[in-house]
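Some notes on the structure that comes next.
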Amino acid sequence: MVVHIKGRAFLPSPKGRGLHARISVTLPDPPLLLVTDRRQAGRPLGDVIASACAAGCRWISIREKDLPAAEQIALARALLPIARQWGARLTLHGTAEMARAAGVDGVHLAAGSDTAEARAIIGSGLVGASVHTISEAAALAPPEVDYALAGPAYATVSKPGYGPALGAAGIAAIARACRVPVLAIGGIAVAAVLELIQAGAGGIAVMGSLMRASEVATEAMRLLAALADAQARGPKRSTTS
């Protein structure tokens, strides 16, 4: 069983000696990560981010990998003041060098990336990595990595045909294997938030549901309310020994 306390993940220590910290980092609160895709957005990215932040979102990652590196860096720099206005943290899906050049709060790495090298470059900033399998999850460890992004949780319009979908059971297996907090991503609707948190996810990440929303703030508030309710209930306790 994993216990999540204020964005931190804890594991039961051996022989009933209480809890020991799985990782010391405190993730952005609330643990709702908005991942951008300007091609899906119905409005300029700055407007989408501002609306999400106004609703309570405090974590955004720029994921515009079709752009040249220099344009990704410039875009992140342009959006950083919006995040700062709301006290939100802005990270970049890409390389640690790009994130450092953009001056953002951290980097999100592709599965299998060199996390130790990224940590050396980023320093105390956030370092996250994508995982799709239990073995990838088990390979991640603090202090090189602060969190994992596991997906796709469900079939997703943002990446049609990508998968297979992990489902709540797959997210649970990854969360058990991973030594850092796990955020679920991929096809996450409001109704699915509870089962993902109960499965052991420490938070959720969304892309299309906010990028394509006609009312970004309203949808963000719905997701945040579902997340708060799920966190209050806590992870589902196992009935097996």
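Between Ala70 and Val190, the modelled label-to-label distance comes to 4.4 nm, taking each label 7 Å out from Cα in the direction of the beta carbon. Sparsely packed loop sites in the range 155-239 (the trypsin sites (Lys or Arg not before Pro) outside DSSP H, G, I, E and B with at most 11 other Cβ atoms within 10 Å) comprise Arg237. For the range 25-233, the Cα-based Rg and Dmax, in that order, read 15.5, 44 Å.
Spatially, the range 69-147 and the range 33-66 are offset by 16 Å when compared through their Cα centroids.
For the range 140-158, the residues whose backbone nitrogen is under 19 Å from a point 7 Å from the Cα of Ala120, taken along Cα to Cβ, are 140-146.
Readers should treat all values here as calculations from the given coordinates under stated rules, not as data from a laboratory. No experiment lies behind these values; they were computed from the predicted model shown. Ideal geometry is used to build each Cβ from the backbone, glycine not excepted, and the neighbour counts take in all protein chains shown.
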